[in-house]
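The values are calculated or read from the model by the stated rules, or taken from the named source; none is laboratory data. Model, not experiment: these values are computed from the prediction. When we count neighbours, we look across all protein chains shown, and the Cβ atoms used for this are built from the backbone with ideal geometry, even at glycine. We work out accessible area using only protein heavy atoms, side chains counted, and drop any ligands, DNA or RNA first. Shrake-Rupley method; radii C 1.70, N 1.55, O 1.52, S 1.80 Å.
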Amino acid sequence: VAADPLFTISYTGVNAGMVIGVADDAGMHSSQNEQDSRHYAMAAKIPMLEPSDSAEALSFAKLAYELSEQFDTPVLLKMCTRVSHSQSVVETGERVEVIKEYKKDIPKYVMMPGNAKRRHPVVEARTQALIEYAETAEINRIEAGESNAYGFITSSTSYQYIKEVMGDKYPVMKLGMIWPMPEQKIRDFAASVETLIIVEELDSFIEAHCRNLGIACIGKEKFSCIDELSQNKVAAILGQAFEQGTALNEAIPPRPPVMCAGCPHRGLFYTLKKNKLTVLGDIGCYTLGAVAPLAAVDSVICMGASVSGLHGFAKSQNGAADNKTVAVIGDSTFMHSGITGLVNMAYNESNATVIIVDNSITGMTGHQQNPTTGFNLKGDPCAKIDLETLCRAVGIKRVRVIDPYNLAECDTVIKEELAANEPSVIISRRPCALLKYVKHKAPLTVDEHKCVGCKACMKIGCPAISIVNGKAKVDNTLCVGCGVCEQLCKVGALKG
């Protein structure tokens, strides 16, 4: 998302300090890919710092601002899942806030080709100055070992794993500045050990740098470029005895992620699946519409890709996808990067339907406000974007609002909009069931005498419903009384 400006502000510089945080997700605990962001630092010619614990996360952030001003460059601060989810005692300091004076400088900040050509040599000179800094920087440190038979170069959480497994047995070079890396310091360290081993997660970034310096080393032939490392993995690869922990004797049943009980997206996805539609999905809670038993989503790429993907898909099919293809995108994600795709659909007259699932909040990442809620991130009242008015303003004439708890209404409106020979928007509006102000109805009950065990109620994948002794059972600690399952029961066994 930020690659275009990132590469250009490397040329312009920043005047005041600018730190760009990025968190890689080795192991893909909650990401769509396992990309290694260190390559961005190299490609954009921007320094990157990489902390390995909570204390370094704080101190490196401060250092990043200092380096940004010293070298007139943005600085990338690379976190990872394990560091981001860790906590420890840190020493805080006073908050310092200085507003720097802006001075107009067209050759420096206006990046048309003539100016950009003159800025490129400045960037290369800056990189050389940063390499010299890296040679003596305290954050690139060498820790002595008892034997020089092996030596390790590492960073981030990989450093923690090496120290836990090896202790002080062998020397370790810990790189806090992961780009640009020192050259002579690495050569000297490599020369001081008999065998050099590079331990890093994902790609062979440090290893490639060492090999470019002509240094023989062991790296990805031992440590995979797939998935995150751990103490146990490092110990096993290096042939070290290590306390593996105690495994549970009991077999734990799998618990795949599902939408919450009463989630307003559930009824919508049930309807989409029932109508056998092709659904281009997006990033958010509603991505779970791809999980069985709904299994209604055909693709998920990145934020905003559903609308633009629908537009491209509809055009590429030359009419064959009309009346059976929709995009599903959340209210927050639509504001983030779905609007431009909708503008393209209206402008290019794409015959397809976009469904905005408006749950009145940014659900997946922690219930943050967004421009459609009427409150800013601090919770203060602010201008509220009206989705219906916005969609009409960009050229969509057909805009409908439905209640996803009403399955009949969902089915009727979706069919009507797909039958229309023009682009349309359906807003599926119902607040997230977890919002504090949402008042729930009494849990549903099951009449076991009427229940025939047909399992129709199980088709929506609600965690509040199960089958016990061949009959439906509702967990009244989970059920919010949404009534979606009640509409599926043909024998009237479920009652609100």
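Against the empirical curve 2.2 N^0.38 Å, the C-alpha radius of gyration of segment 293-376 lands at a ratio of 1.15.
Answer rounded, prolate or oblate for segment 355-442, using the Cα gyration tensor with square roots of eigenvalues a ≥ b ≥ c: rounded when a/c is under 1.5, else prolate when a/b is larger than b/c, else oblate. Because a/c hits 1.5 or more and a/b fails to exceed b/c, segment 355-442 counts as oblate. Here the translational diffusion coefficient of segment 161-217 follows from Stokes-Einstein with Rh set to the Kirkwood radius across Cα pairs; for 10 °C and 1.306 mPa s it amounts to 131 µm²/s.
Restricting the calculation to alpha carbons of segment 364-496 gives Rg and Dmax of 18.8, 55 angstrom. log10 I(q)/I(0), Debye, Cα-only segment 93-160, no solvent, q = 0.16, 0.21, 0.25 Å⁻¹? One equal scatterer on each Cα of segment 93-160 leads to -0.90, -1.02, -1.10. Between ILE301 and LYS397, the simple label model (points 7 Å from Cα in the Cβ direction) yields a spacing of 2.9 nm. Accessible surface computed residue by residue for segment 333-396, with neighbouring protein chains in place and a 1.4 Å probe, gives 49 Å² per residue. Annotation for segment 23-118: trypsin sites (Lys or Arg not before Pro) lying in DSSP loop with at most 11 further Cβ atoms inside 10 Å of their Cβ are ARG95, LYS100, LYS103, LYS104.
Shown here for segment 249-318: trypsin sites (Lys or Arg not before Pro) in loop regions (DSSP other than H, G, I, E, B) with at most 10 other Cβ atoms within 10 Å, namely LYS276. Between rounded, prolate and oblate, where does segment 414-465 land on the alpha carbon gyration tensor, with a ≥ b ≥ c its root eigenvalues, rounded for a/c under 1.5, else prolate if a/b exceeds b/c? Cα axes put segment 414-465 in the oblate bin. Calculated accessible area for segment 104-232 comes out at 46 Å² per residue, all protein chains present (probe 1.4 Å; ligands, DNA, RNA ignored). With an a/c value of 1.5 or above and a/b not larger than b/c for the gyration tensor axes a ≥ b ≥ c computed over the alpha-carbon atoms, segment 44-89 is described as oblate.
Selection among LEU435, ASN344, LEU407 by position relative to the dipole of segment 324-442 gives LEU435 as farthest towards the positive end (Cβ unit charges, Cα centre).
A simple spin-label model places the labels of GLN87 and TYR437 2.9 nm from each other, with each point 7 Å out along Cα-to-Cβ.
In plain terms, the chain from GLN244 to THR195 could stretch by 15.0 nm, reckoned as 0.36 nm per residue minus the Cα-Cα distance. Applying the Kirkwood pairwise sum to the alpha-carbon positions of the chain produces a hydrodynamic radius of 26.5 angstrom. Summarising the strand pairing of the chain, around 25 percent of its internal DSSP beta bridges are antiparallel. Taking 10 °C and 1.306 mPa s as conditions, segment 1-126 diffuses translationally at an estimated 99 µm²/s according to Stokes-Einstein applied to its Kirkwood radius (Cα pairs). Measuring nothing but protein heavy atoms, the accessible surface of the chain at 1.4 Å probe radius is 54 percent carbon and sulfur.
The ASP203 and TYR65 beta-carbon pair, evaluated with R₀ = 41 Å, returns a calculated FRET efficiency of approximately 0.90. Angle of helix 54-71 to the longest C-alpha principal axis of the chain, folded into 0 to 90 degrees and rounded to 10: 70°. Note on the chain: dipole from Cβ charges, positive end direction compared against LEU494, SER360, ILE385; the farthest Cα belongs to LEU494.
Of the three principal axes defined by the Cα atoms of segment 162-262, the extents in descending order read 59, 35, 23 Å.
In segment 267-330, the C-alpha radius of gyration followed by the widest Cα-Cα span (Dmax) gives 11.1, 31 angstrom. By DSSP, the beta bridges lying fully in segment 259-388 are antiparallel in about 20 percent of cases.
Say a paramagnetic label sat at a point 7 Å from the Cα of ALA149, along Cα to Cβ; which residues of segment 196-224 have their backbone N under 15 Å from it? From segment 196-224, the list is 196-197.
Taking the centroid of alpha carbons for each part, segment 365-408 and segment 185-228 are 50 Å apart. Other residues within the sphere of radius under 14 Å centred on the Cβ of GLY395, judged by their own Cβ, net out at 0 (K and R +1, D and E -1). Restricting attention to segment 190-341, lysine pairs at least eight places apart or on different chains and with alpha-carbon atoms under 21 angstrom apart total 7.
For GLN184 and ALA251, the FRET efficiency from 1/(1 + (r/R0)^6), where r spans their Cβ atoms and R0 equals 45 Å, is about 0.25.
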